[in-house]
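What follows is a short report on a single structure.
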Amino acid sequence: MDEETQMMMALGDAETVDPVSGNDVPPGSMPEEVRDDIDARLSEGEYVVPADVVRFFGVRVFEEMRKEAKMGLAQMDADGRIGGQPSAEQPMGNTGISDEEVAQLEQMLSAQGMANGGLAKGGMLDKLINAATTDPMVNSRLKAAGMPVKMAVGGVVGQQMPT
């Protein structure tokens, strides 16, 4: 099969079922890419990306993500942030946010809290942004509520909240 025919098949002018395996052929895939005929020995937590998704994003994207993760993990290891024993209590950052204020934050992040003024209530927004960028616990709670804010120590850069 020539390259042009393969690309036409990958773009939708293709069979919907692989005649060899009987597997469905999703748009963007070729029949030989869905045969599941290569044994894979995977470990817990490893992830296989389907050929159509690799084609869509390009191998370069996955290689760059892998390289970035390996470099980041190596740096975390060098900084002593990998391994060791977990502490019984997560220390608060230097933000001075109290347990009561964390509870208030969780209330403000709830649907009811957002409907009643949310984070603007009580001038908490500036303190919250500071806490979210320096306190991993606050950052993780915001992230769990779908509101990542900048980067906390050991956190991930996300969407910034409006100031």
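Table for the structure above
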quantity: Rough spin-label spacing in nm, given labels placed 7 Å along Cα→Cβ, for Ser43 and Phe56; calculated: 2.9
quantity: Whole-Hz couplings from phi, Karplus 6.51/-1.76/1.60, listed for the range 136-143; x for Gly and Pro; calculated: x, 5, 5, 4, 5, 5, 5, 4
quantity: Karplus-derived HN-Hα couplings along the range 49-56 (A = 6.51, B = -1.76, C = 1.60, θ = phi - 60°), whole Hz, x at Gly and Pro; calculated: 9, x, 4, 5, 6, 4, 5, 4
quantity: Computed lengthening from Met71 to Val17, 0.36 nm per intervening residue step minus Cα-Cα distance; calculated: 15.4 nm
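Since every read-out is calculated from the coordinates, none of them should be taken as a lab result. Keep in mind the model is a prediction, meaning the values are calculated, not measured. Counting neighbours? That spans all protein chains shown, and the Cβs are built from the backbone with ideal geometry, glycine included.
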